[in-house]
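First comes the structure, then the notes that go with it.
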Amino acid sequence: MFRFFSKFLQNEKLKAEWIGVLGNLKLVSLLFLILYSFSSFCVWKKYSWSPSSQINFGKEFAEQNKEQTPPGAIVFLGEEGNLGAGYDGQIFYYYSRMLSSFSLNWPNGFETSFRAPRIGYPLLVSPFGWLGMYGTIFGMYILNLGIFYLSYLAIRDLLPDPKKYLSTFYLLSPFALGSYILLVSDTVMMGLSVLAYWAFIRKRFISFSLLAGLAILTKEQAIFLFFPLGLTTLFQKEFKKSIWVASSLILPGAWSLYLRTQFPEWTPGSLGHFFDPFGGLLGYFGEVQQALVSGDRNLILLIKKFSRFPLVLLLLSGTYLLFKGDGKKGLAFRLGFGILLLTTYAGGYVLYWATYENVSRMFTFSLPLLIFWEKEDESLPSGTYWALTGIILISFLIKLAFVSKPLRHLVW
C-alpha cells in the first residue's frame, strides 16, 4: 500500500490531477454531503429511522431524567451486566435541555468533575431546545455539521492555492465523522478552534477571544492550538497578540470559578485521573495477544479488536513527523501536535484504548494542526500520515455499513 502511495506521489501528472480534484470546492462539498448522509443512513436504518439513535441514550440515564427524555427516542439497554449507560452524546443533550429552560439543575446520574466544565457545545445547542426535545436533537446535528463546514471554508481560505487541497483531508476526516456519528463535542471543539485561528490571522481579535474561549469550554483539547500559539507570540515579542491569546482564558476561567461555588469538590486536576502513561497501549497489546493465542476465530470479534491497530500505526507515524521537517518552521503547530500525541501515549486503557470510539477521538485535532504545520513547512513528509488517515476512513465506513450490528434497545 505505502509503496503504491510513494509511486503515486512521484507521478507528477497524476498528482497534479488529484490535487485539482481535491481542490474543487463544489465537488468536495458534494462528497461531504454524500459521506455524512450515508453515515447517518447506516445508523438510522438499524434503529427504526430515528435521528435520536445517534444521541446514544442509555436506559440508566433515561430513567433518571424521564421528563427530558424525548418520547419515541432510541434508548440502549446494554449487554448482560450493563445497565445501558449509552454514550457521551446524551450528556450534552441533557446538559443542553437544562440550559434551554434557563436552569442550572444538573442532570441526574452524571458526575460533574469533567462534564460540567464543557458547557460550550450544550450552550450553543440550547436555543434549538426552545423548539422542544427534538429541536435539541436536530440542533446537535446542525451544530456539528454547520460549524465543521464553516471551519473547512476557513482552513481553505487560509491556505495558498497550491495547498488548498489539504482542506479536503480535513473535511473528510474519519475522526470528525466518528464524532458526528456519536454527536459528541470533538468536531465542534475543532471547528470553533479553527474559526478562532482564522479570526486571529485576520486580526479580528475580539472574535478570536470569544471563539477560542468557547472552543476551550467545549473541550480542553483546544488548548493544544492556543497554548503553542501564545508561546510563539511571546517568543516573537508580539505582546499585544499574546494578550489576546491569553484573553481566550477569560470565559473558561469565569466558568471554572462559578463551578467551584456550585460543586465545591470540582477541580481542574480531576482530568488527570484519565491518564496512565503507556498503560492504554500496553493494555491494548495485551488484549490483541490474548485474542491471538485464544484460538477464537470469530471474525467480527477479531475485526473489532484489530480496528484500533491502524490508530497505533498513526500514532507512530505522527511521532516520526515530530523529528522531521524544518525545525524553525511551524513551531507552534509542531508543539501542539506533539502535545496531542503525548496525551495519546498517556491515555489509559479503560477510558481510552479499550474502545475504538474513545481512542480515535484523541486524534481528531491532529488533522488541522498538521495542515497548518504543512502550510508553514513544505518539507514535512506527511504522506504516510495522510495515507493511514484515508485507510482509517475506509475502514470506519466498512465497519459502519457492514460490521456494526444493532445493539439491544427499546423505543422510549
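Observations, loosely collected:
- Cα-centred dipole magnitude for the stretch 281-412, charges only on beta-carbon of K, R (+1) and D, E (-1), debye, nearest 20: 360
- Exposure proxy order (Cβ contacts within 10 Å, fewest to most) of LEU400, LEU301: LEU301, LEU400
- For GLY347, distant residues with modelled amide H under 5 Å away: ASP276, PHE278
- Over the stretch 14-411, volume per residue of the alpha carbon convex hull, in Å³: 152
- If you wrap the stretch 330-375 in the convex hull of its Cα atoms and look at it from every side, the mean projected area works out to 2.9 nm².
- Directionally averaged projected area (the stretch 81-163, Cα convex hull): 8.0 nm².
- Which listed pairs, of LYS163/LYS304; LYS59/LYS219; LYS15/LYS241; LYS164/LYS328, have C-alpha distances above 32 Å, in listed order: LYS163/LYS304; LYS15/LYS241
- The distance between label points at SER247 and ALA85 comes to 4.1 nm (points 7 Å beyond Cα on the Cα→Cβ vector).
- The relative contact order of the chain comes to 19 percent, based on Cα pairs under 8 Å that sit 6 or more residues apart.
- Taken about its Cα centre, the stretch 14-411 carries a charge dipole of roughly 740 debye when the Cβ of each Lys and Arg holds +1 and the Cβ of each Asp and Glu holds -1.
Quick note: the coordinates plus some simple rules give every number you see, no bench work behind them. The shown structure was predicted, so the numbers you read here are calculated from the model rather than taken from an experiment. Cβ: placed from backbone, ideal geometry, glycine included. Neighbour counts: every protein chain shown.
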